[in-house]
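Please treat every number below as a calculation from the coordinates, not as lab data. Quick caveat, the model's predicted, so the values are computed rather than measured. Positions of Cβ are generated from backbone atoms using ideal geometry, with glycine treated the same way; all protein chains shown enter the neighbour counts.
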Amino acid sequence: MLNALRLRNFRCYKTLNWQIPAEGALLLGSNAQGKTSLLEAICFALTLHSPRAGKLDRLVTHGCEEFGISLSTDEGTRKLLWQQRKLNTQVDGIPRRDFNEYLADAPPVVWLSNTDISIVTGGAEERRNYLDFVGSQWHPAYRSALREYRKTLKSRNMLLRNPRHTAATLRSYAELLSRYGEILLTLRRQLLDLLQPYIRRYHSNISVKGENVSVTYRPSVEGNLQSAYEQALPADERNGFTTIGPHRDDFELHINGVPAAEYASEGQQRTLATSLILAQAGLLQVETGRAPTLLIDDIFGELDPSRRKALLNSLPEDSQIFITTTHLDWLGSDRVPLPLLNIDNGSISELTSSGEPANRPPQRPSHP
């Protein structure tokens, strides 16, 4: 369980000290007030991954050069400091210079947002990111192979653009790519096989039509990876990058036997995307033995009432849940399911279930 979050120079928060409710929270506020940034800080502290930014300098408060996060959980306190373009991590005061060590005992986390539909409708990169996000929390070997594969791929691509590159050096990188790539291929197939029953279960719970869903992995290479890299070398040299491998893989999503991206309605696509994300929660809870933290960013306004109710009923009971929203209209006559907090210009204050201010002072920024 998450207990407290402290921020310094993170997004819109110059400083913040937030005592987190045990159940989680429903974060209410207008756009650009800092709701999503709270979820992003939690996600980054637990996974070293931001769902919103590809570069860490995007997380720093405008005009500042470093940021800090401290997240207190039942398992310990995690601290991160990004300064001089380097990320330093520690757990309970002990530095973790290897990111795999930092992540090894991290509680699982699942992120849901209104952009998740891109997993269904977007390009292959969106679906690879989906697999890599859950895979890195699911299996240590996945996390290690993915990191080494990406490092090797970056180096090989740089070498391909260097006119002085040699065939022998490119072959040595291809050997490394095939070594880590084979591990990724094996674990991705295994991961999708494990996810499929959860995807179908959650889709059945949320869908109003009883549709049949299937997921099929589509690698960019069939057969031996190292041989494929050798055969692709002329094309790689012409293009200046590695044209095949797990970084080009994809998986297909079908509803009732037809491609969901092409033929499903937007409602069906959103339902399928939500089912894919909830499947992560179900799998991680079973595989890690811990209920994942659910970070749900402004999705309920995108679903019709029946799907919203079904989604709320499908959320794992043991999870700590955080939901952001700009209004409560989607609740209708239903009760507020979590402690209700108002986010206004980086300040957090409690609200009653009717949306009125509670008789407590707001949790304003304070030095971490």
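For the chain, find the longest principal axis of its Cα atoms and tell me its angle to the long axis of helix 225-239, 0 to 90°, nearest 10.
Roughly 90 degrees, rounded to the nearest 10.
For a label point 7 angstrom out from the Cα of S227 toward its Cβ, which stretches of segment 243-258 have the backbone nitrogen within less than 18 Å?
244-246
Please label the shape of segment 1-97 as rounded, prolate or oblate, based on the square roots a ≥ b ≥ c of the eigenvalues of the alpha-carbon gyration tensor (a/c under 1.5 means rounded; beyond that, a/b larger than b/c means prolate, else oblate).
Because a/c hits 1.5 or more and a/b fails to exceed b/c, segment 1-97 counts as oblate.
As I understand it, the value is the acute angle between the Cα axis of helix 140-160 and the longest principal axis of the Cα atoms of the chain; what does it come to in degrees, rounded to 10?
The angle comes out near 50 degrees.
If Lys and Arg each add +1 and Asp and Glu each add -1, what is the summed charge of the other residues whose beta carbon sits under 10 Å from the beta carbon of L160?
Around L160, the surrounding residues sum to +1.
Pairs of lysine in the chain with Cα under 22 Å and at least 8 positions apart or on different chains: total?
Close lysine pairs found across the chain: 13.
Using a 7 Å offset from the Cα along the Cα-to-Cβ direction at both T216 and A124, what is the distance between the two label points in nm, to one decimal?
1.5
Compute the length gained on full extension between D98 and T326: take 0.36 nm times their separation in residues and subtract their Cα-Cα distance, giving the result in nm to one decimal.
Working: separation 228, 0.36 × 228 = 82.08 nm, distance 3.87 nm.
Stretched fully, the D98-T326 segment lengthens by 78.2 nm.
Using Cβ contacts closer than 10 Å as the measure, can you line up F241, F44, F133 from fewest to most?
Listing F241, F44, F133 from fewest to most nearby Cβ atoms yields F241, F133, F44.
Measure nothing but the geometry: give the 0 to 90° angle between the long axis through the Cα atoms of 266-288 and the longest principal axis through the Cα atoms of the chain, rounded to 10°.
The helix 266-288 is inclined about 90 degrees to the chain.
Out of all DSSP beta bridges with both ends in the chain, state the antiparallel percent to the nearest 5. Display every interim value, and only then the final one.
Values: 43 of 60 bridges.
Antiparallel bridges: around 70 percent, rounded to the nearest 5.
Quote the charge dipole size of the chain about the Cα centre in Debye, to the nearest 20; the model charges only the Cβ of Lys and Arg (+1) and of Asp and Glu (-1).
Values: 42 positive and 41 negative charges, 218 e Å.
Its charge dipole is roughly 1040 debye.
In debye, nearest 20: dipole of segment 1-72 around its Cα centre with unit charges on the Cβ of K, R (+) and D, E (-)?
Details: 8 positive and 5 negative charges, 24 e Å.
In total the dipole reaches around 120 debye.
Between D57 and S306, what FRET efficiency follows from the Cβ-Cβ distance if R0 is 35 Å, with the result rounded to 0.05?
It comes out at approximately 0.25.
Subtracting the Cα-Cα distance from 0.36 nm times the residue separation, let me have the gained length for A32 to S333 in nm, one decimal.
Roughly 105.6 nm would be gained on extension.
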